[in-house]
Structure formats: structure tokens, C-alpha cells
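To start, the structure itself, in C-alpha cells.
The values are calculated or read from the model by the stated rules, or taken from the named source; none is laboratory data. Quick caveat: nothing in here was measured; it's all calculated off a predicted structure. Here the Cβ positions follow ideal geometry from the backbone for every residue, glycine too, while neighbour counts run over all protein chains shown. The protein model used for the area step is the full one, side chains on, heavy atoms only, and it has no ligands, DNA or RNA in it. Shrake-Rupley method; radii C 1.70, N 1.55, O 1.52, S 1.80 Å.
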Amino acid sequence: MLFRSLYAMYAKTMGLTKQLASSGRDRYTSEARQVIGWLALKTDNLTLTQVAQYFGRDVTTLSRGVKRIEESILKSKTFAKKLENLNNTIAQA
């Protein structure tokens, strides 16, 4: 799946109306970028550099964010299930 399709599907599923490549630094927007980065790595075999460039972010910042997502998956079964369901939906598309 192309990254733009992944981005669009995630945005639609989560009801995002905001442009995630914007300069917004609020928690909701940042977490959404991190989750999309994580999903892109898992489903598209993209590099963090490619994802960071798409969002206009530093690769180090995105890398830390993806690590936080992975830590959240380990800590929260609810969050892990949410991402698993989202990943399955994307895989079926």
C-alpha cells in the first residue's frame, strides 16, 4: 500500500480533519503522526527518513515517537488492540 493511501485510511478511520504535515505540536496531532509512522514501517517497509520527510519532521523526532508507540503497545492492551485492528483493516484494503 502506498504511504498516501495509508495516511488517508488512518485519517478516515480516526476521524482526523487536520493536516498532519502541519507544524502542529499538540499531543493529538503528534501521536497521530507517530502512529502513522509506526504503521508505515510495519505495512509499507518504508524507512523512518521517508516518513519524516513526508511529514516535514526530523527523523530523530519521529524515531523517538515510534519508540513511544511501541512502548505504549507493551503497556496498554487496549492501545495494542486498537493498533492491531487498524493494521488488519489496512492489510485488508
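Results, tabulated for the structure shown:
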item	result
Extension gain (nm, one decimal) between R64 and F3, 0.36 nm per residue minus Cα-Cα	20.0 nm
Accessible surface, the chain, averaged per residue in Å² (probe 1.4 Å)	64
L48 accessible area, 1.4 Å probe, all protein chains in place, Å² to nearest 10	40
Sulfur and carbon atoms: percent of accessible area, the chain [1.4 Å]	51
K82 accessible area, 1.4 Å probe, all protein chains in place, Å² to nearest 10	90
Accessible area, probe 1.4 Å, largest first, for residues D58, D44	D58, D44
Accessible surface of S5 - all protein chains present, 1.4 Å probe, nearest 10 Å²	60
Charge-dipole axis of the chain as Lys and Arg at +1 and Asp and Glu at -1 on Cβ define it, positive-most pick from A8, L41, N85	N85
For the chain: Kirkwood Rh in Å [reciprocal of mean 1/r, alpha carbons]	13.2
Size of charge dipole - the chain - debye, nearest 20, with Cβ of Lys, Arg +1 and Asp, Glu -1, no other charges	220
Solvent exposure ordering (accessible area, 1.4 Å, most first) of R64, R33, R57, R27	R27, R64, R57, R33
For the chain: relative contact order, % (alpha-carbon pairs under 8 angstrom, 6 or more apart)	27
